[in-house]
1. Being aliphatic (A, V, I, L, M), within 25 Å of the chain's Cα centre (by Cα) and loosely packed, with under 11 Cβ neighbours inside 10 Å: is that true of ALA169 here?
2. For the range 78-100, name all the residues that are hydrophobic (A, V, I, L, M, F, W, C) and surrounded by fewer than 19 Cβ atoms within 10 Å (Cβ to Cβ).
3. Answer yes if at least one residue in the range 60-68 is assigned to a loop (DSSP other than H, G, I, E, B) and open to solvent by 30 Å² or more (accessible area, probe 1.4 Å), and no otherwise.
4. Restricting attention to the range 1-41, which residues are modelled with pLDDT of 85 or more and small (Gly, Ala, Ser)?
5. Out of (1) open to solvent by less than 40 Å² (accessible area, probe 1.4 Å); (2) in contact (Cβ under 8 Å) with a residue 60 or more places away in the chain, what's the single condition that is false for MET159?
6. Which one is most open to solvent (accessible area, probe 1.4 Å), of the residues in the range 139-150 that are over 11 Å from VAL94 (Cα atoms) and touching a residue at least 40 places away in the same chain (Cβ under 8 Å)?
7. Suppose we filter SER116, SER95, SER79 for residues that are out of contact with any Asp or Glu (no Cβ under 7 Å at 6 or more places or on another chain), of a type in the set (S, T, N, Q), touching a residue at least 24 places away in the same chain (Cβ under 8 Å) and outside any helix (DSSP H, G or I); which single one remains?
8. Say we look at the range 172-197 and pick out the residues that are over 19 Å from LEU57 (Cβ atoms), touching a residue at least 12 places away in the same chain (Cβ under 8 Å) and among the hydrophobic types (A, V, I, L, M, F, W, C); which of these is surrounded by the most Cβ atoms within 10 Å (Cβ to Cβ)?
Amino acid sequence: HLPGGAPSTATAATSKREFREALRDPPFAIFLWVAILMTLASGPLTSFMPLFMQEQLGLRASQVVRTQTGSMVGMLISSYSWGWAGDRFGSKRVSLLGLALMFGMRVLWMILLRHSPWSALLATGLVFVQGAANMGWAVGSSRLLYADVVPPGKRGSYMAVYYAWSGLAGGLSELFGGRLLDTTAAFSGKFWIFTLDPFTPLIIASALLSLVSLLLIYRIRVEV
C-alpha cells in the first residue's frame with residue numbers, strides 16, 4: 001500500500017544493457033579498477049599486520065593489541081577533518097591525499113626499527129597515521145563514487161556492478177595475500193636502509209598498488 005510508482009517494466013535484456021553501459025562509462029570503469037586494486041592492497045596487509053608486528057618487529061601480543069587501537073583513534077580523530085576537506089576541496093583531492101599517505105606508510109613500515117624498545121611506540125604512531133590515511137581514502141572515495149562517478153539516474157545498475165565487483169575483489173585479496181606469504185616464507189636480507197623479510201614483498205605490492213590507484217584516480221575527471 002505504499003503510494004507512487006507503477007510495476008517495473010525492466011526486462012533481463014534491459015538490465016544487461018544497463019550493466020554494459022555502466023562498464024563502458026570511463027570514470028566508473030576506472031573507479032572499479034581502483035576499487036579492486038585498493039582491496040588487494042589493503043585487505044591482506046591489514047589481516048597480516050599483527051603477525052608482522054609480532055614476528056618481525058618483536059612486539060609482544062599485548063603490545064600488538066594496544067598498537068591496533070591507534071588505527072581506530074586515528075580514524076576517529078581525523079574523520080571530521082576529512083569530511084570538511086571533502087566539502088571544501090572536493091572528493092578527488094581528498095582521495096589522492098589519502099592514497100599518498102597510504103603509500104608513504106607502506107614505505108615507512110619497511111624501515112621501522114625492529115626488536116627495539118622504541119618499536120612499539122613507533123609502530124603505534126605509524127598505525128595512527130595509517131588509520132587517518134585509511135579514513136581519508138574511505139571518505140574521499142565514497143564521496144567520489146556517490147557524488148561524482150555514478151550518475152544520479154542510474155544508481156541501480158551502477159551500484160549493482162560496483163557491489164559485485166567489490167565482493168569479488170574482497171574474496172581474491174585474502175587468497176592473494178596468503179599465497180604471496182607462502183611463496184616468500186624464506187625471504188630475508190638487507191638492502192640499504194630496508195630490512196627484507198617474508199612480509200616485504202606483500203608490503204611492496206601494497207605500496208605499488210596504492211601508487212597505481214593514485215595515478216588512476218588522478219585521471220578521473222570530476223567537477224570540483
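1. Judged against the criteria, ALA169 is not a match.
2. Correct list: TRP84, PHE89, LEU97, ALA100.
3. The answer is yes; a qualifying residue exists.
4. Once the filter is applied, which keeps residues that are modelled with pLDDT of 85 or more and small (Gly, Ala, Ser), the range 1-41 yields ALA29, ALA35, ALA41.
5. (2)
6. Selected residue: ALA147.
7. SER116
8. PHE176
The values are calculated or read from the model by the stated rules, or taken from the named source; none is laboratory data. Just so it is clear, the structure is predicted and the values come from calculations on it, not from any experiment. So basically every Cβ, Gly included, is an ideal-geometry build from the backbone, and we count neighbours across all protein chains shown. Side chains included, ligands, DNA and RNA excluded: accessible areas come from the protein's heavy atoms. Shrake-Rupley method; radii C 1.70, N 1.55, O 1.52, S 1.80 Å.
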